[in-house]
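As structure tokens, the structure follows; a few thoughts come after it.
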Amino acid sequence: NHIKDVSQLYNRVSLKFGGISNSLPTDSLVKNSADENLLPPILLEKMFNMSRYLAISSGRPQPKGWPAKAPINLQGIWNQDRRPAWDCDYHLDLNLEMCYWPLNMLNLGELMHPLMDWVDRLKEGGRIAAKDMYGTRGISFGVVADYSNIGNVDNFAFFWTGGAAWVSQILWQHWKYSNDISFLKDRLYPFLLEVGAFYEDFLVKDPQGRLVPALSASPEMGIAGRKMMSFSSSASSMDLELIHDVFNNLIDAGKFLNISPEKIKNWQNILSLVPLPPINADGTLGEWLENHPMLDPGHRHRSLLVGLAPGERISYESTKDYAEASHTAILSRNEHGRKTTQSLTFVWDAQMLARLYKGQEAYNELKRMLRVHVLDNLLITC
């Protein structure tokens, strides 16, 4: 019954690399590959299939009439602890988003609907947070949330306001894959409107006349030289990229839905004043608009590179200078060591390197991850 049920979604996609088939049990295949520092095609296929299976098992919608489904969280449905690491919650500065990045590509678009339902449940809390904390209209999500509430900023010790914007980016990509007009009109566009309204009030003019967020941070990069751990910064590249995404998507949605030209012109005017992230003198993409010293230059998060992946602004075809600066930034991160690296780092790096046409480098990242993080049942450790 289980195989028949899961196969309805699982069998939509297959991936074959054409490698030599291998009759070894999975645990032996993992061990032999790690011992020999190899990642054979058959194991990549298995990892791909395992990932799809986990997503389907923990993320598909409930049958009609059942209680609302929780979206996929930090540890799926397999956490065994009464007091789990990171509360087994929803981290909106990477972890939730990463669970959903590939699902439309895998023809699993239905799995996006529990995410949209969850966003709808959080909207009222996001409105209260925007009004009470920042004096703005619209919606603001911070770093953490649970099944029905957004978290307090004290949960993560910094004022990062980009959670709603980053979730909207994933939902926008679902619209681009699905062409579901009712989803755009009735669900996503109203959410985007409120995220945009937050930024309309939250952006302020700097001495150069640019519109920048009044408070910013780059998850989860601290700034060196401060007496206490502090993330607050000048405009972070992540915030700038997400703000560009929000208003670009509002403009595209507005044109598609025949919204008033005055609204579209207002968004275009705002967008024209929001700066792009800087490229540093050393050729790396900047983490912030100002060049603050990094507390951990090898940190596992790649927040500054969100415009490359999962975003779409940066590419060799359209922004060669930013593509090269992104590659230099990845190399710089790894040159500073991997002491705070987790499995997520290798996967995100591989995704970005693939978009930069660095196939061998992307493969090497997955091969490194295999030796450190892949268990013999293909689950992943932190």
Worksheet item: Between Glu262 and Lys16, 0.36 nm times their residue separation minus their Cα-Cα distance comes to what?
Response: 83.6 nm
Worksheet, complete the sentence: By accessible area (1.4 Å), largest first, Ser57, Ser140 order as Ser57, Ser140
Fill in: Whole-Hz ³J(HN,Hα) from phi, Karplus 6.51 cos²θ - 1.76 cosθ + 1.60, for segment 301-316, glycine and proline x
6, 10, 4, 4, 9, 5, x, 8, 7, x, x, 10, 5, 9, 7, 5
Fill in: Cα gyration tensor, segment 127-211 - rounded (a/c under 1.5), prolate or oblate
oblate
Practice prompt. Return the distance in nm (one decimal) between the two label points of a simple spin-label model at Lys123 and Asp81, each offset 7 Å from Cα along Cα→Cβ.
Written response: 3.5
Worksheet entry | Sorted peptide list for 4-17, 213-226, criterion being average Cβ within 10 angstrom, highest first | 213-226, 4-17
Discussion item. Can you show me the helix-derived [θ] at 222 nm for the chain, built from DSSP H runs with n ≥ 4 at -39,500 (n - 2.57) apiece and divided by the number of residues, rounded to the nearest 500.
Written reply: -15000 deg cm²/dmol
Worksheet entry | Cα→Cβ-extended label distance, 7 Å offset, between Lys31 and Thr319, nm | 4.7
Discussion item. With +1 on the Cβ of every Lys and Arg and -1 on the Cβ of every Asp and Glu, and nothing else charged, how large is the dipole of the chain about its Cα centre, in debye rounded to the nearest 20?
Written reply: 560
Practice prompt. Mind checking which lysines have their Cα closer than 30 Å to the Cα of Lys367? Skip sequence neighbours fewer than 8 apart in that chain.
Written response: Lys16, Lys31, Lys46, Lys320, Lys339, Lys358
Discussion item. Using a 1.4 Å probe on the protein heavy atoms only, what accessible surface does Cys382 show? Give it in Å² to the nearest 10.
Written reply: 80
Worksheet, complete the sentence: Over the chain, with neighbouring protein chains present, the accessible area per residue in Å² at probe 1.4 Å is 47
Worksheet, complete the sentence: Phi angles of segment 87-99, converted by Karplus (6.51 cos²θ - 1.76 cosθ + 1.60, θ = phi - 60°) into ³J(HN,Hα) in whole Hz with x for Gly and Pro, give 6, 6, 9, 10, 8, 8, 9, 4, 5, 4, 4, 4, 4
Worksheet, complete the sentence: Simple SL model, points at 7 angstrom along Cα→Cβ for Tyr177 and Asp5; separation in nm is 2.3
Worksheet item: What are the residues whose amide H is under 5 Å from the amide H of Val144, where those residues sit 5 or more places off or on another chain and H is modelled from the backbone?
Response: Leu92, Gly151
Worksheet, complete the sentence: With DSSP loop assignment and no more than 10 other C-beta atoms within 10 Å, the GluC sites (Glu not before Pro) in segment 309-373 are Glu317
Worksheet, complete the sentence: The answer for the chain, counting only DSSP H helices whose Cα atoms cover 24 angstrom or more along the axis and whose Kyte-Doolittle average is -0.5 or greater, is 41-59, 237-256
Item to complete: Take the solvent-accessible surface of the protein heavy atoms, probe 1.4 Å, and return the percent of it on the chain that carbon and sulfur atoms account for.
Response: 53
Worksheet item: Where both partners of a DSSP beta bridge lie in the chain, what percent of those bridges are antiparallel, to the nearest 5?
Response: 90
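The values are calculated or read from the model by the stated rules, or taken from the named source; none is laboratory data. Note that the structure is predicted; figures quoted are calculated from it, not measured. Every residue, glycine as well, gets a Cβ built from its backbone with ideal geometry; the counts of neighbours run over all protein chains shown. Just the protein is used for accessible areas: all its heavy atoms, side chains included, with ligands, DNA and RNA removed. Shrake-Rupley method; radii C 1.70, N 1.55, O 1.52, S 1.80 Å.
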